Amino acid sequence: MKSKYGEKMPSEKREPVLDVLKAALGEFPFPAVPKEEWAYIERELRSQTTAALPADVIGNHPAVDPRMKDRWKGIAYSHVARWSQILYVQDKLVQLMEHHQIPMVILKGTAAAMYYPVPEYRSMGDVDLLVREKDYQKAFRLMRENDYILMEPEDRGEYHYSLEKNGVIFELHRRLANLPDNRAGRFLMESVYDGLEQREWRQIDGYQIPVLPWLQNGLVLLSHIRQHLDQGLGLRQIIDWRMYVEKELDDTRYPAFQQAAGKAGLEPLAVHTTRMCQIYLGLKEDIKWCSGAKDELCQELMDYIFQQGNFGRKISWEGKGAKALSRSGREQLRWMQRQGRRHWRAVQRYPFLGHLAVIYELFRYIAYVMKKDKPIRSLVQDMKAGQRRKRMFKRLHI
């Protein structure tokens, strides 16, 4: 079976992957997995950066081969080691900011992992932190003075600075990335700033973590899903939302969240993502506020997630062409400009060529398509996939 987005979609194999995750995240029976399916399951979970989540249920199940158990124990150990490293280095930064009276909160990362049954099994990447606008440059200078290395010298910090220390990358934010420049985007950012002023402290593994209050934390997790729908959405972001809803967003709390999500333009995405988690990831059915979701749209969204992988790591260049063709004209040009700057080596030596990067990327894509056996058909398929993607985004009010 092929997905609507051009990639082969092994729907007969998708179910065991989701069943393994459901057993890890809730009280669901462990599925009977044929031996030959384990390689696919591991590959899929790795591409979705969720491989460690089922480590315990796999390791404790009598029907699983001992060698497979050992393999998953190794995956779990590597995640725990990375988790410990990140929490230790993150805590040093928290203490540094507190000592200099710069309020901050952690976005996503440990602020999402705290909802998981085993937080250290949640895959960790960069550490994202948010400070007030008035503290942004002060926080940046403080980090630089304390041996945090700026990752990209040309980075001027329009939305965030990327800095590295002790093998961990920190993204210092003054605002959320890729917010729409409209009333909804401004409301969301104002709400998050309000949450920063009312931040809370959660204890995880003996460390004190500053996080946003429950409502703003949910808005950030949902905004992160919206941001990466276009860039490459994986199950990790969806599971972050699933665990958040299970712990924080029952029917009694939803009216307050609904009001905020509606103003932020996120309510349709909240409803369909939550219903999708009920259908595929074992979220409890007594949450009724998502009952108005269209199940076929939830299925289309899950197909898209399996085709993407976390941050789009499963997408071929062909798939990325389809992504480009799903954007509006202005967004498509901006995307091609960024891609051209990244791919064209001459731009690195001669920055003035950057304004020609759009043309370079266009010819690069045409050359790729013309190498295929049926180039015109391939281009038409890309265009159709892009249009289907665009229609799905429109139905989700993205």
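The values are calculated or read from the model by the stated rules, or taken from the named source; none is laboratory data. Nothing here was measured: the structure is a model prediction, and the numbers come from that model. Quick reminder, even Gly has a Cβ in these numbers, built from the backbone with ideal geometry, and neighbours come from all protein chains shown. Please note that ligands, DNA and RNA were not included when accessible areas were found on the heavy atoms of the full protein model with its side chains. Shrake-Rupley method; radii C 1.70, N 1.55, O 1.52, S 1.80 Å.
Things to note:
- Relative packing of peptides 47-56, 29-38 - highest average C-beta neighbours within 10 Å first: 47-56, 29-38
- Accessible surface for the chain, divided over its residues, is 49 Å² per residue with a 1.4 Å probe.
- Computed over all pairs of different Cα atoms, the Kirkwood value for the hydrodynamic radius of segment 61-134 is 14.3 Å.
- Cut-off 10 Å between beta-carbons: net charge of the residues surrounding Ala177, Lys and Arg +1, Asp and Glu -1: -2
- Per-residue packing, averaged as other Cβ atoms within 10 Å, sorts the ranges 177-188, 268-279 into the order 268-279, 177-188, beginning with the highest.
- Computed [θ] at 222 nm, deg cm²/dmol, the chain (DSSP H ≥ 4; -39,500 (n - 2.57); rounded to nearest 500): -18500 deg cm²/dmol
- GNM top mover of Pro103, Pro255, Pro119 - the chain, alpha-carbon springs below 10 Å: Pro255
- Ranked by the mean number of other Cβ atoms within 10 Å of their residues, highest first, the peptides 191-199, 286-294 come out as 191-199, 286-294.
- Global form of the chain, assessed from the alpha-carbon gyration tensor, a/c cut-off 1.5: rounded
- Accessible carbon and sulfur surface of segment 165-295 relative to its total accessible area, %, 1.4 Å: 44
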